[in-house]
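**Student:** My questions all concern the structure below.
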Amino acid sequence: MDTTVFHQFFDHCVGNWQTERTYHYLTKQEVERSHTDFQIAPLSAALKLKVLADNLYPTMPDVDPLPGFSLGFQTVSEHGDKVSQSLNLLFVPQEQTGEILTGDYLRDRAYEESRPIISQFSFNNSTRELLMTTQYTRVVSVDSITLINPTLRIRRIYNYQRPEAGQPLDTLLLVGFGVEQKGQSCNNPGQS
């Protein structure tokens, strides 16, 4: 399994990012803009092991090669609503078929539900797109990050109503689009 491009993708993700997003709430027929500051730092081996343990995931003999990050973000909507969160995340590659690398994506705290969660990811070595799919209780979230260059990412978020087992994702609740730029100055949480 060749994970060179996969690791380069994550090396470029470390740092401070600013995101301008537009969310389309299809059930309410509303559109909302928001601004988010992200801080992304590599995760220590001890915290990688904690993320595995929090998710009751099998312990691995060597976690050093696994991409893991501490993520903090602060979002302000155009209406003035503010959300701050921090979490730890870990990617465990499992299989490669052609240009596509797949595996598990673990977090010690999920976005939609405040609990540890195991999601699935796929990474396309050719397009440098990371696709993460999370099955929440009521929603299935499909999050895409495409690395255009080391300082520019494009983000797409699709939230579907969770279907009955075996049924397709066909009821879209929310669509989000974002442009993420690295190296911009970020405000610290709690500061204005």
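The values are calculated or read from the model by the stated rules, or taken from the named source; none is laboratory data. Note that the structure is predicted; figures quoted are calculated from it, not measured. Cβ sites come from the backbone with ideal geometry, for glycine too, and all protein chains shown count toward neighbours. Accessible surface is based on the protein model in full, side chains and every heavy atom, while ligands, DNA and RNA are left aside. Shrake-Rupley method; radii C 1.70, N 1.55, O 1.52, S 1.80 Å.
**Student:** Please give the number of the condition Ser34 fails out of (1) within 27 Å of Glu78 (Cα to Cα); (2) open to solvent by 30 Å² or more (accessible area, probe 1.4 Å).
**Tutor:** Unmet condition: (2).
**Student:** Which ones in the range 35-66 are closer than 20 Å to Thr3 by Cα and assigned to a loop (DSSP other than H, G, I, E, B)?
**Tutor:** Residues satisfying the conditions are Leu43, Ser44, Met60, Pro61, Asp62, Val63, Asp64, Pro65, Leu66.
**Student:** Let me ask something else about it. Of all the residues that make up the range 45-65, how many are closer than 22 Å to Ser114 by Cα and out of contact with any Pro (no Cβ under 7 Å at 6 or more places or on another chain)?
**Tutor:** Number of matching residues: 11.
**Student:** Another question, then. Give the residues of the range 1-16 that are assigned to a strand (DSSP E or B) and open to solvent by 60 Å² or more (accessible area, probe 1.4 Å), sorted by residue number. Explain how you work it out, then say what you get.
**Tutor:** Of the residues in the range 1-16, the ones assigned to a strand (DSSP E or B) are 15-16.
Across the range 1-16, the qualifying residue is only Asn16.
**Student:** Separate question: Can you tell me which of (1) within 26 Å of Met1 (Cβ to Cβ); (2) touching a residue at least 60 places away in the same chain (Cβ under 8 Å); (3) of a type outside the set (A, V, I, L, M, F, W, C) is the one Gln181 doesn't meet?
**Tutor:** Answer for Gln181: the failing condition is (1).
**Student:** Sticking with this one: Do any residues in the range 61-80 that are β-branched (Val, Ile, Thr) have Cβ atoms under 6 Å from those of residues that are assigned to a strand (DSSP E or B), where the two are at least six apart or on different chains, and which pairs are they?
**Tutor:** Final answer for the pair search is Thr75/Ser34; Thr75/Thr36; Thr75/Val83; Val76/His35; Val76/Lys82.
**Student:** Mind listing just one residue for me: the one in the range 67-79 that is outside any loop (DSSP other than H, G, I, E, B) and open to solvent by 40 Å² or more (accessible area, probe 1.4 Å) and, of those, farthest from Phe38 (Cα to Cα)?
**Tutor:** In the first step, residues of the range 67-79 are kept if they are outside any loop (DSSP other than H, G, I, E, B); the result is 68-77.
Pick out the ones that are also open to solvent by 40 Å² or more (accessible area, probe 1.4 Å) and you get 70, 76.
Values: Ser70: 10, Val76: 12 Å.
My answer is Val76.
**Student:** Consider only pairs whose beta carbons are under 6 Å apart and that are at least six residues apart or on different chains; among these, list those whose first residue lies in the range 144-160 and is closer than 15 Å to Gln181 by Cα and whose second residue is assigned to a strand (DSSP E or B) and among the small types (Gly, Ala, Ser).
**Tutor:** Arg155/Gly178; Arg156/Ser144
**Student:** Mind checking which residues of the range 17-31 are in a loop (DSSP other than H, G, I, E, B) and either of a type in the set (Asp, Glu) or open to solvent by 90 Å² or more (accessible area, probe 1.4 Å) (or both)? Don't jump to the end; show me each part of the working.
**Tutor:** Step one: filter the range 17-31 for residues in a loop (DSSP other than H, G, I, E, B), giving 26-29.
Those that are in a loop (DSSP other than H, G, I, E, B) and either of a type in the set (Asp, Glu) or open to solvent by 90 Å² or more (accessible area, probe 1.4 Å) (or both): Thr27, Lys28, Gln29.
**Student:** Gln167 - would you say it is closer than 24 Å to Ala46 by Cα, over 15 Å from the mean Cα position of the chain (by Cα), without any contact (Cβ under 8 Å) to a residue 12 or more places away in the chain and open to solvent by 20 Å² or more (accessible area, probe 1.4 Å)?
**Tutor:** no
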